[in-house]
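Novice: Sharing a structure, written as structure tokens. Questions coming.
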Amino acid sequence: MKIFINKRIAQKGITLLEEAGLDVIIAPKNELSRYELDGYLKNCDALLAVSLAPDKSFFSSYPNIKAVALHSVGFNNVDIKEATRKKIPIGNTPGVLTKATSDIAFLLMQFVARWGSYYFLKVKDGRWGSFDPLENLGQELYGKTIGILGLGRIGFEMARKCKDAFGMNVIYHNRHQNVEAGQKLGARYVSFETLVKESDVISIHASYSEEDAGLFNVDIFSQMKPTAILINTARGGFIREDDLYEALVNGKIWAAGLDVTHPEPMCVHNPLLRLPNVCVFPHIGSATIEAREGMSVCAAENLIAWSQGKQMPHLINPEIYGK
């Protein structure tokens, strides 16, 4: 069986695939033209997809592709319904990104709380200047309230970090109450409206669907505390960026830290990039050696299981088996 990998990944996953007797074909460069991509896909049996989201047209264009292993946890841009209809298993990489992604959320929270972007650029631009004891003061996070939207693995880890490091009170909004969070973190389940109004920091970790587009907009920002910090390491579509800009400029909220934007990459002329109380990362939540190795292993395990006639261990669409 031929497995196509459209971008380079950690060697651990590749080695596992090769040791399982699979024929691994890796794109010679990270950016392929449509013509080049087409040539590879039409000659392979399965795809290990890196930053490539198979849509409905993908499955009709490449009927030879019988399985897809995503090199990611998120799959909101993949046409799961069409894949399921065609009995094509789709696997993802849950769990291995938890620590790395929550680390980025935790980093962004601290960075923007202390005006990190402003002070770094001040030093870099030679504007250190004289000491002003009241210039652009940051805020401490001790004893504040962290509101988690989406208390899955990553959200739970972010809440735990905030609790352990700063003694923060944890509230959360989720599809279901998380009993473990209540027991271990003293986390309190609240409505979305309460989360918005009571949180000193809101950190978004929820799964994204089209119904969530623009969830954080001018109306929501007007309900948040003027000292509130918004962190997003989930999906950029959750936030209306023009409304966020206005909220930050007009002092409706304190600061924002984003590892995801909409679209990606963010336009270099986006006015958010000019604000001193904003930090934007280029979607690096999983950008650690450990996480990327873990992702490659998970993706490889999914394809190896499929090639052996078994169910992928991290299968997104078990409905293909009537489950």
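Novice: Counting alpha carbon pairs within less than 8 Å and at least 6 residues apart, what relative contact order, in whole percent, applies to the stretch 98-280?
Specialist: 23
Novice: Extension gain residue 26-residue 287, at 0.36 nm per residue separation less the Cα-Cα distance, in nm?
Specialist: Full-extension gain reported as 91.9 nm.
Novice: Counting Lys and Arg as +1 and Asp and Glu as -1, what is the net charge of the other residues whose Cβ lies under 11 Å from the Cβ of residue 287?
Specialist: Taking every other residue near residue 287 into account, the sum is -2.
Novice: Which label marks the calculated value of Cα extents along the principal axes in Å, given the options [x] 59, 40, 37; [y] 75, 51, 33; [z] 66, 48, 33?
Specialist: Checking each listed value against the structure points to [z].
Novice: While we're on this one: Of all beta bridges DSSP finds with both residues in the chain, what is the antiparallel percent, to the nearest 5?
Specialist: About 5 percent, rounded to the nearest 5.
Novice: Follow-up. Amide H to amide H under 5 Å from residue 91: which residues, 5+ apart in sequence or cross-chain, H placed 1.01 Å off N in plane?
Specialist: Here 68, 69, 70, 316 satisfy the definition.
Novice: Another one. Restricting to DSSP H runs of at least four residues, report the calculated mean residue ellipticity at 222 nm for the chain, -39500 (n - 2.57) per run over all residues, nearest 500 deg cm²/dmol.
Specialist: After summing the helix terms and dividing by residue count, I get -10500 deg cm²/dmol.
Novice: While we're on this one: Search the structure for amide H atoms under 5 Å from the amide H of residue 24, placed 1.01 Å from N in the peptide plane, and list their residues when 5 or more places away or on another chain.
Specialist: For residue 24, whose amide H was placed from the backbone, the distant partners under 5 Å are 3.
Novice: How many times 2.2 N^0.38 Å is the alpha carbon radius of gyration of the stretch 67-158?
Specialist: The reported ratio for this selection is 1.69.
Novice: Under 26 Å between alpha carbons, and skipping anything fewer than 8 positions from residue 7 in its own chain: which lysines qualify?
Specialist: Result set, ordered by chain and number: 29, 42, 56, 66, 81, 86, 87, 99, 310.
Novice: Can I ask one more? Could you tell me the center-to-center distance, by alpha carbons, between the stretch 197-266 and the stretch 269-291 in angstrom?
Specialist: A separation of 14 Å, based on Cα centres.
Novice: Sort 189-200, 224-235 by packing, meaning the average of other beta carbons within 10 Å per residue, with the highest value first.
Specialist: In decreasing order of mean packing, 189-200, 224-235 become 224-235, 189-200.
Novice: Ok, one more. Using DSSP H assignments, which helices in the chain have an axial alpha-carbon span of 18 Å or above and a mean Kyte-Doolittle hydropathy of -1.0 or higher?
Specialist: Going by DSSP H runs, the hits are 98-113, 153-166, 289-307.
Novice: So if the hydrodynamic radius of the stretch 134-230 is defined as the Kirkwood radius over C-alpha pairs, what does Stokes-Einstein give as its diffusion coefficient at 25 °C and 0.890 mPa s, in µm² per second?
Specialist: 178
Novice: Which FRET efficiency, nearest 0.05, do residue 319 and residue 124 yield, Cβ-Cβ r, R0 56 Å?
Specialist: E between residue 319 and residue 124, to the nearest 0.05, is 0.60.
Novice: Here is a follow-up. Please state the shape class of the stretch 20-63: rounded when a/c is under 1.5, otherwise prolate if a/b exceeds b/c and oblate if not, all from the C-alpha gyration tensor.
Specialist: Because a/c hits 1.5 or more and a/b fails to exceed b/c, the stretch 20-63 counts as oblate.
Novice: Please order 158, 295, 1 by the number of other Cβ within 10 Å, starting at the fewest.
Specialist: Starting with the residue having the fewest Cβ neighbours, the order is 1, 295, 158.
Novice: Separation between the residue 227 and residue 15 pseudo-spin-labels, each 7 Å from Cα along Cα→Cβ, expressed in nm?
Specialist: Calculated label separation equals 5.1 nm.
Novice: If you place +1 on the Cβ of every Lys and Arg, -1 on the Cβ of every Asp and Glu, and leave all else neutral, what size is the dipole of the chain about its Cα centre, to the nearest 20 Debye?
Specialist: Magnitude of the dipole: close to 460 debye.
Novice: If I stretch the segment between residue 132 and residue 164 completely, what's the gain in nm (0.36 nm per residue apart, minus their alpha carbon distance), one decimal?
Specialist: 8.3 nm
Novice: For residue 219 and residue 35 in the same chain, what is the full-extension length gain: residue separation times 0.36 nm, less their Cα-Cα distance, in nm?
Specialist: Result: 61.8 nm gained on full extension.
Only the coordinates and a few stated rules stand behind these numbers; no lab work does. All values reported here derive from a predicted model rather than from experimental measurement. Neighbour counts are summed over all protein chains in view; Cβ atoms, including those assigned to glycine, are modelled from backbone coordinates with ideal geometry.
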